[in-house]
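The values are calculated or read from the model by the stated rules, or taken from the named source; none is laboratory data. Small disclaimer: the values here were computed from a predicted structure and weren't measured. As a convention, Cβ positions derive from the backbone with ideal geometry for all residues, glycine included, and neighbour counts pool all protein chains shown.
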Amino acid sequence: LSSSNPSGDRTAFAARVLDPIRAIVGDRGIITDPGEMRPYMESWRDNWVGRSPLVVQPGSTEELAAVVRVCAETRTPIVPQGGNTGLTGAGQPHEDGSEVVISTSRLNRIREIDIDNDTVTVEAGCILANIQNAARDIGRLFPLSLGAEGTCQIGGNIATNAGGVQVLRYGNMRNLVAGLEVVLADGRIWNGLRGLRKDNAGYDMKQIFIGSEGTLGIVTAAVLKLSPLPRATATALVAVSSPSDAVDLLNRAKGMAGDRIVTFELIQRLCIDIARKHVPDVPDPLRDLYPWYVLVELADQEAGGHLAELLEGILEAGLEAGEMLDGVVAASKAQADSLWRIREGIPEGQKREGVSYKHDVSVPISKVARFLDRTNAALEREFPGIRPFSFGHLGDGNIHYNPIQADGGDTAQWRARLGAVNAIVHDIVVDLGGSISAEHGIGRLRIDELPRYKSAVEMDMMAMLKAAFDPHNIMNPGKILRLPRASAGA
Ligand SMILES: Cc1cc2nc3c(=O)[nH]c(=O)nc-3n(C[C@H](O)[C@H](O)[C@H](O)COP(=O)(O)OP(=O)(O)OC[C@H]3O[C@@H](n4cnc5c(N)ncnc54)[C@H](O)[C@@H]3O)c2cc1C
């Protein structure tokens, strides 16, 4: 809807797309008012603001499939959207106003809980925290846990293969899905809602859609795997002198606690300072200041105080071996929550601090320290005064490496350096055998960098997959891969 004749375009769009979709979902399932559409156009970090003629909220899988059929017939591009907390611009429409947003917000039923099978079948629009609570109500754990859990939806979690703070123990979204229901780009419904742990009858189709960022189809429901609900947890904040010592401590903890370690988060001192500066109630529980910290949490089926004793034992041994400098074990649930506020306050604190260059990278755990040393030194050489700012899921080799502009630097000048900073960081990541996106995906943010870091063979395999599932490129075009856009009415 961006030609030289906008009113003519609008009439044609209404006749071909809007009216048929309204006939499917009714007025209740349609938003066209620009003010009401605004939250669907903007990203959490305000760095992407798109335009669209229409947000559709189907009330069932069948409605959603019928809407996709209209879009497929008219070659109207679609942007699937869940809770809109994604961080790569993949969930917003482009600025040209040609794409229809399909929101899964009304697909929010828990369809079935199968206690004996340890699975729950949910619709894509269920908010993650609601699924966690439903599992807890029946004495089970749904272990995906991340800062946006009160807003993000399970369909979005699946489409981004979300990770979070318990991957070390339970794996990422890919490990937590037993089956999927998906609406394909031609509007057909694939019912793969099988709650199976073992299924080798052909290709594992659900894995194709997990992490595909809405570019291959729209997830409408999922069978999720549940775990036993831990009866005890123990949480500590530990000070270490370097990431390398933190890795030694992690190895010690693995040896002593096995898979009872659920969280092992590395935090640089500056992250705590900035969280405390901008976010209320972020504590600073250790008396002295240290360069690095680790938030560690253990969980176990067995109730009682043994877990705190085990954690204290790990810390004592770590202290004796010189791997850590200081630490505090939470004595109550309230204290544990307070330690978590440090970790959870970091993204919000950084959002408010000034220009930062976000990199959600992974390297083998054994190379995290080398990655940080090399990258900090390379950036300081090129951009004197740049402030390293690193935190993340050390237990998964996943660091959020988000250096901030030098204190008092000119913001416009720093913004202009983004590409150069990205190249330095990502070249080192890939040289160390890592990935330029550990959790958040490619979306629009990394679309132009991907071909630099993937082989031609891998880019070609991805393009072949996309062409097979979405030959007219209507499913979230211009995300992950840059391919010719669908032309309306073709
Ligand atoms: C404070 C904060 C903390 C975060 N922490 C983490 C973290 O620890 N780990 C992590 O992995 N991420 C994290 N994220 C990123 C984000 O929360 C996740 O990517 C989340 O999984 C996105 O879910 P959503 O419902 O908001 O998806 P959206 O933002 O709506 O969409 C994300 C992508 O999925 C596609 N999509 C959405 N729903 C569907 C569907 N039903 N079918 C097909 N495609 C769909 C969209 O088109 C888009 O490409 C964080 C974000 C914030 C704001």
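Got a sec? Which of 358, 367 is within 25 Å of residue 148 (Cβ to Cβ) and either of a type outside the set (S, T, N, Q) or outside any loop (DSSP other than H, G, I, E, B) (or both)? Reasoning before the result, please.
Details: 367 fails: within 25 Å of residue 148 (Cβ to Cβ).
None of the others qualify; the one that does is 358.
Looking only at segment 223-245, which residues are assigned to a strand (DSSP E or B), within 30 Å of residue 115 (Cβ to Cβ) and more than 16 Å from the ligand (Cβ to nearest atom)? I'd like the intermediate steps shown before the answer.
Taking segment 223-245 as the starting set, the residues that turn out to be assigned to a strand (DSSP E or B) are 223-225, 227-228, 232-240.
If we keep only those that are within 30 Å of residue 115 (Cβ to Cβ) too, we end up with 223-225, 227-228, 232-235.
Correct list: 225, 227, 228, 232, 233, 234, 235.
I'm trying to understand the selection: among the residues of segment 345-363, which are among the charged types (D, E, K, R) and either surrounded by fewer than 18 Cβ atoms within 10 Å (Cβ to Cβ) or more than 24 Å from the chain's Cα centre (by Cα) (or both)? I'd like the intermediate steps shown before the answer.
Narrowing segment 345-363 to residues among the charged types (D, E, K, R): 348, 351-353, 358, 360.
Once the filter is applied, which keeps residues that are among the charged types (D, E, K, R) and either surrounded by fewer than 18 Cβ atoms within 10 Å (Cβ to Cβ) or more than 24 Å from the chain's Cα centre (by Cα) (or both), segment 345-363 yields 348, 351, 352.
Looking at segment 120-137 only, could you name the residues that are touching an Asp or Glu at 6+ places or on another chain (Cβ under 8 Å) and more than 16 Å from the ligand (Cβ to nearest atom)?
The one that is touching an Asp or Glu at 6+ places or on another chain (Cβ under 8 Å) and more than 16 Å from the ligand (Cβ to nearest atom): 120.
Quick test for you: out of 448, 410, 470, pick the one residue that is under 30 Å from residue 94 (Cα atoms), surrounded by fewer than 15 Cβ atoms within 10 Å (Cβ to Cβ) and touching a residue at least 12 places away in the same chain (Cβ under 8 Å).
On the way: 410 fails: touching a residue at least 12 places away in the same chain (Cβ under 8 Å); 470 fails: surrounded by fewer than 15 Cβ atoms within 10 Å (Cβ to Cβ).
None of the others qualify; the one that does is 448.
Being out of contact with any Pro (no Cβ under 9 Å at 6 or more places or on another chain) and crowded, with 22+ Cβ neighbours inside 10 Å is the filter here; which residues of segment 283-294 pass it? Show your work before the answer.
Initially, segment 283-294 is screened for residues out of contact with any Pro (no Cβ under 9 Å at 6 or more places or on another chain), giving 283-291, 293-294.
293, 294, listed by residue number.
Hey, can you tell me all the residues within segment 71-99 that are more than 8 Å from the ligand (Cβ to nearest atom) and touching a Pro at 6+ places or on another chain (Cβ under 7 Å)?
Filtering segment 71-99 down to residues more than 8 Å from the ligand (Cβ to nearest atom) leaves 71-78, 89, 92-99.
Those that are more than 8 Å from the ligand (Cβ to nearest atom) and touching a Pro at 6+ places or on another chain (Cβ under 7 Å): 77, 97, 98, 99.
Within segment 357-387, track down each residue that is in contact with a strand residue (DSSP E or B) (Cβ under 8 Å, 6 or more places away or on another chain) and at pLDDT 95 or above.
Answer for segment 357-387, where residues must be in contact with a strand residue (DSSP E or B) (Cβ under 8 Å, 6 or more places away or on another chain) and at pLDDT 95 or above: 359, 360, 361, 362, 363, 368, 371, 372, 375.
Of the numbered conditions (1) in a helix (DSSP H, G or I); (2) crowded, with 19+ Cβ neighbours inside 10 Å, residue 273 satisfies every one except a single condition; which is it?
In the conditions (1) in a helix (DSSP H, G or I); (2) crowded, with 19+ Cβ neighbours inside 10 Å, residue 273 misses (2) alone.
Please go through (1) part of a loop (DSSP other than H, G, I, E, B); (2) among the small types (Gly, Ala, Ser); (3) more than 14 Å from the ligand (Cβ to nearest atom) for residue 147 and return the number of the only condition it doesn't satisfy.
(3)
Tell me the residue from 202, 179 that is among the small types (Gly, Ala, Ser) and either exposed (fewer than 15 other Cβ atoms within 10 Å of the Cβ) or at positive phi (or both), please.
Values: 179 fails: either exposed (fewer than 15 other Cβ atoms within 10 Å of the Cβ) or at positive phi (or both).
Residue meeting the stated conditions: 202.
Output the residues belonging to segment 205-215 that are touching a Lys or Arg at 6+ places or on another chain (Cβ under 8 Å) and either among the aromatic types (Phe, Trp, Tyr) or surrounded by fewer than 17 Cβ atoms within 10 Å (Cβ to Cβ) (or both). Lay out the reasoning, then the answer.
In the first step, residues of segment 205-215 are kept if they are touching a Lys or Arg at 6+ places or on another chain (Cβ under 8 Å); the result is 207, 210-211, 213-215.
Within segment 205-215, just 207 meets the criteria.
With respect to the numbered conditions (1) closer than 30 Å to residue 85 by Cα; (2) surrounded by fewer than 15 Cβ atoms within 10 Å (Cβ to Cβ); (3) modelled with pLDDT of 95 or more; (4) not hydroxyl-bearing (Ser, Thr, Tyr), which one is the sole condition not fulfilled by residue 340?
(2) is the only condition that residue 340 fails.
Residue 267: away from the ligand (no atom under 11 Å from the Cβ), under 21 Å from the mean Cα position of the chain (by Cα), crowded, with 16+ Cβ neighbours inside 10 Å and among the β-branched types (Val, Ile, Thr), yes or no? If you could, list the steps in order and put the result at the bottom.
Values: away from the ligand (no atom under 11 Å from the Cβ): yes; under 21 Å from the mean Cα position of the chain (by Cα): yes; crowded, with 16+ Cβ neighbours inside 10 Å: yes; among the β-branched types (Val, Ile, Thr): yes.
Yes; evaluated as a whole, the condition is true for this residue.
For the structure I just gave you, tell me whether residue 428 is more than 15 Å from the ligand (Cβ to nearest atom) and touching a residue at least 24 places away in the same chain (Cβ under 8 Å).
On the way: more than 15 Å from the ligand (Cβ to nearest atom): yes; touching a residue at least 24 places away in the same chain (Cβ under 8 Å): yes.
It is true that residue 428 is more than 15 Å from the ligand (Cβ to nearest atom) and touching a residue at least 24 places away in the same chain (Cβ under 8 Å).
Would you point out the residue of segment 170-222, among those that are among the hydroxyl-bearing types (Ser, Thr, Tyr) and within 14 Å of the ligand (Cβ to nearest atom), that is farthest from residue 123 (Cα to Cα)? I'd like the intermediate steps shown before the answer.
Quick first cut of segment 170-222, residues among the hydroxyl-bearing types (Ser, Thr, Tyr) only: 170, 203, 212, 215, 220.
Now restrict to residues that are within 14 Å of the ligand (Cβ to nearest atom): 170, 212, 215, 220.
Numbers: 170: 22, 212: 18, 215: 19, 220: 6 Å.
Per the stated criteria, the residue is 170.
Which of the following residues is more than 25 Å from the chain's Cα centre (by Cα), crowded, with 17+ Cβ neighbours inside 10 Å and in contact (Cβ under 8 Å) with a residue 60 or more places away in the chain: 65, 135, 124?
Working: 135 fails: more than 25 Å from the chain's Cα centre (by Cα); 124 fails: more than 25 Å from the chain's Cα centre (by Cα).
The conditions single out 65.
Could you please tell me which pairs satisfy a Cβ distance under 6 Å, a separation of 6+ or placement on different chains, a first residue in segment 50-61 that is over 12 Å from residue 102 (Cα atoms), and a second residue that is of a type in the set (S, T, N, Q) and assigned to a loop (DSSP other than H, G, I, E, B)?
Filtered contacts from segment 50-61: 50/92.
Would you please name the residue that is farthest from the ligand (Cβ to nearest atom), looking only at residues in segment 468-490 that are among the aliphatic types (A, V, I, L, M) and not in a helix (DSSP H, G or I)? Reasoning before the result, please.
To start, the set of residues in segment 468-490 that are among the aliphatic types (A, V, I, L, M) comprises 468, 474-475, 480-481, 483, 486, 488, 490.
Now restrict to residues that are not in a helix (DSSP H, G or I): 474-475, 480-481, 483, 486, 488, 490.
Working: 474: 13, 475: 8, 480: 9, 481: 13, 483: 15, 486: 16, 488: 20, 490: 23 Å.
Per the criteria, the residue is 490.
When segment 316-342 is examined, which residues are found to be in a loop (DSSP other than H, G, I, E, B) and among the acidic types (Asp, Glu)? Before the answer, list the steps.
Kept after step one, since they are in a loop (DSSP other than H, G, I, E, B), are these residues of segment 316-342: 321-325, 330-332.
The answer is 323, and nothing else.
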